[in-house]
Structure formats: C-alpha cells, structure tokens
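Each remark here refers to the structure printed beneath this line.
Every number here is computed from the coordinates shown, using simple stated rules; none is lab data. The structure presented is a predicted model; accordingly, all values stated were derived computationally and were not measured. Note that each Cβ is placed from the backbone with ideal geometry, even for glycine, and that neighbours are counted across all protein chains shown.
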Amino acid sequence: MLRKFSYLALMIAGISLITACSGSSKKSNDSDELTLAPAESGALELSEEVMSDVIQNISSPVEMASLIKATGVDFSQKILNNPHKVDTYNTSYKRALNLGAYSADLGYINTFNKNSIVVSYLVGIKELAEGIKVGQFFDFTSLKRMATNNNNLDSLMQISISSFNKMDSYLRSQKRSNVSSLIVTGAWIEGLYITANVIEETKNEGLINRIAEQKDIINIIEIILKNYSNDPDFAELAQRIGKLRSAYDGVKITTEFAEPKTIEQDGMLIIVQDEISNVEVTPEQVATIIAEIKSLRQFIVS
Amino acid sequence: MKKFIYSFLVLFTFTAVSASAQCGDDLLKTALKAMGTSQYIKDFTVEMVKEKKDTKTGYVKFSVVLNSNTQYKFNIVNGASNSEKMIMQLKQSDKLISSNFHNGKMYEEFQFVCRKTGVYNLYFSFKGGQEGCAKSVLSLVKQLK
C-alpha cells in the first residue's frame, strides 16, 4: 500500500515537474525578457555609467509640445499614436519604444489640456509599463483621478513626468539602460513626428529651427543604440536612425558671441547666455528630414 | 537605565523618520511649490555624505539638454537639517554660465535664457564641503520668439 502510494506520489510529482517545466518554457517563448535583460558591461563599447550620462542628455518632449502650443496651432489627435494599439505591441522591444511614444503623446495632450482623452493614454502607458516590469512607478489611480478633474491638470503633468523620470532612473540603476534607451528614442521620435506634422501645416520658423537643432541630439541617440547593436533589433533601429542622421548632413549650426546679461529682479537672478546659435536649413532639407522622421515613426508604431 | 535606552530609541526613531521626510518627497513637493506656474521638466536629487577618509564632500554632476530661445528656471530647496546651502553651477564644456551663488549672495532660484541648444552640465555641491541633501527642479518659463 505504502509502495503504491509512493509510486503515485512520484508520478504526480513527475507530471507536475514536467508541466511546470513546459509552462516555464512556454512563458520564456512568449516573453522576450532575455533580449532586454540587464546588459553586460563587458559586451558594451560604452559602460553603463557613460550610457546613463548620455541618456540623460535627451531633452523632454514636453518642451516641444510647449513650443507647438506657442505657435497657436490647434490640437490634433489624429497625429498621435492610437492608444488602442497597445495590445499589438507584444515584445519588450516594441513595448519600450511605444511607451516612449505614448509619453510624448501624453506630454502633447497635457500641454493642450485635453483631459478627455488623457485616461485612454494613461491606460495604454500602464499596460506597456507593466509589460516591461516598471509599472510600479505609476500611481494610475491618482493619475486617473487627476485626469478627470480640470483643476488638477498641472499636477497630472508633474506626476506623470516625474513617474517617467523615476522609472528611467530605476532602469539605469538596474543596468537596464538598453530599455531606457528605447523609451527615450520612442519619445524623441514621437516628439519630432508631432512637430513635423505641425511644420507641414504652418511652416513655422521656430519649429523648423527646433527640428534642425536636433542634429546634435541625433548623434547621441545613434551612439546609444549602436552600443547595443549586438541585438539585431537595436542594430536595425540604429541603422534607421543613421538614415535620419544622413538627412541632417546639410544642416549648418553656427555660434556667435553676444553680450552676456545678468539681471536681478524681485530677488531673483536671470542670466542671459552670451552665445547664440544660428541654424541654416533649406526647405528641401526640411522636407527630406520630415520624410525620414515619418518613415522612422511608422516603423516604431506599426 | 532602561528609561534612558527607551528614550534613546524613541529619539533615534523620530530623528530617522524626520530626516527621511526632510530629504524625500516632501522636499520635492516644496520645490514644485516654489516652481510656481512654470512647466515642470525634471528634478535632481542631491545627497552628500562624507566618506570616512574625507574631510569634505565633493560635487554631483548631472547633464541635461537645454534648447535655444527658451527661458528656464532652476529652483533649489535645501533639507531642513543642512548646515550649509547647496550651490548649483550651470556649465557648458567646463565654462561656468551661471550659478545660484552670485556675487557672494545665495539665491533659491535663478532663471536662464538659453540661446544655444546643447548639452549642459549641472554641478551641485555644499558650501564648505558640508554634508546635506537638496532638490533642484528644472522648469520651463517660456519659449522666446
């Protein structure tokens, strides 16, 4: 009796083990966490520390949104990535890139106080963030509550940007700068894409200059992505970014010196920089850059 | 003796909780309040502790991209237990552009009118190399035409 029971127990344990193993195996096939695991410093040309410093150097998409609003152009939802496409992003690579894209969209939406659509973007961001295991930095209950209250839009903006900053710091501290770099790239391209659409509509000189000034930033993005080019996905993205960089080849940025100013006003210090940058870019160059931005953005959100 | 130990433990716990509040999210809330109506971009946390071998604390460096034709604001909020205030320097390629410590006076905020897009470095240190914690918030005041 005891022997029978032992055999039975062994069989159950064996079946459980096989099931557990196959379950685990299926999970690892479904998930592609390995491709976005902490990068081994030895395999990188630039160390995690240097990468961390480089990633910090990408400017906030909020600034671009603010510049767009200052032109007086109307808000356009149709240029944003559709929040209902979230379920189609089923790899960590796509999730990270589109988490960045949605963060830029959220910045644009917040800047124009379009709180009626904020929630659907927050839900999308939540799903993507959880998909790459960084959902803990977003207090979605508070964010949703704020989104439904017109008086809280400034707080919503602060908390959502702050959550992204915390997530970014966490990823870099966990030596997951590769994930951080995808989020930053996605946000940067989406910011450029929104701006490019507004330029086509308005031909606004300030926005054209802002796009042209990204010439220096694109080099940083390319350095970041090339650092992880052992991964074929990163290599492909770096190659596409390289095409965009080539479109910038003819853009000239020069610097002239001016009189620096320091003003004290109501106990506050205002410093006016003594260097001024000038941008030279032709309409043809702008058209080429915009075409490349659109192609790259399509690749990211598709 | 027991009373002394209990008092010490209570005092220690209170101090630990209080120190954490001084340098944690409360400090960020104060900095965001000081920022006013500007648009929040980023915040920087500085916590400086002397290593055993050191007599002074050093500096912490962050990098940030600032855009031309843009007016930015930096607000600095010090931890309540800091013995000295934090000095913040804005540099580009080692060239000092501005600081909240100007002509011997310490400012809790300063604005910077950026006229050249590029990578800028922020250096944070405490006067006299003292220990302390602080937060700085970078915000957008306005875009200039």
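Side notes on the structure shown:
- Projecting the Cα atoms of B:M106, B:V77, B:L28 onto the dipole axis of the stretch B:2-143, where Lys and Arg carry +1 and Asp and Glu carry -1 at the beta carbon, places B:M106 farthest toward the positive end.
- Only aspartates and glutamates eight or more places from A:K69 in sequence, or on another chain, were considered; those with a Cα closer than 18 Å are A:D105, A:D154, A:E190, A:E200, A:E201, A:E205.
- Protection-proxy order for peptides A:197-207, B:127-137, B:51-61, each taking the mean of Cβ atoms within 10 Å per residue, highest first: B:127-137, A:197-207, B:51-61
- Legend: mean number of C-beta atoms from other chains within 10 angstrom of residue C-beta atoms, peptide B:61-71, equals 6.
- Residues of the stretch A:164-198 with amide N under 20 Å of the 7 Å Cα→Cβ point at A:T91: A:176-190
- Dipole of the stretch B:2-143, positive end: most advanced residue of B:A134, B:L90, B:Q39 [Cβ charges, Cα centre]: B:L90
- Taking the Cα centre of the stretch B:2-143 as origin and assigning +1 to Lys and Arg Cβ atoms and -1 to Asp and Glu Cβ atoms, the resulting dipole is close to 160 debye.
- Entry note, the stretch A:114-262: relative contact order of 13 percent, from Cα contacts under 8 Å with a spacing of 6+ residues.
- Relative contact order %, the stretch B:58-108, counting alpha carbon pairs below 8 Å whose residues are six or more apart: 23
- Note on the stretch A:182-302: with charges restricted to the Cβ of Lys and Arg (+1) and Asp and Glu (-1), its dipole about the Cα centre is near 480 debye.
- Inter-label distance, A:V123 to A:S302: 2.7 nm, where each label sits 7 Å from its Cα along the C-beta direction.
- Less than 5 angstrom separates the built amide H of B:L66 from those of B:G118, B:Y120, all sequence-distant by 5 or more or on a different chain.
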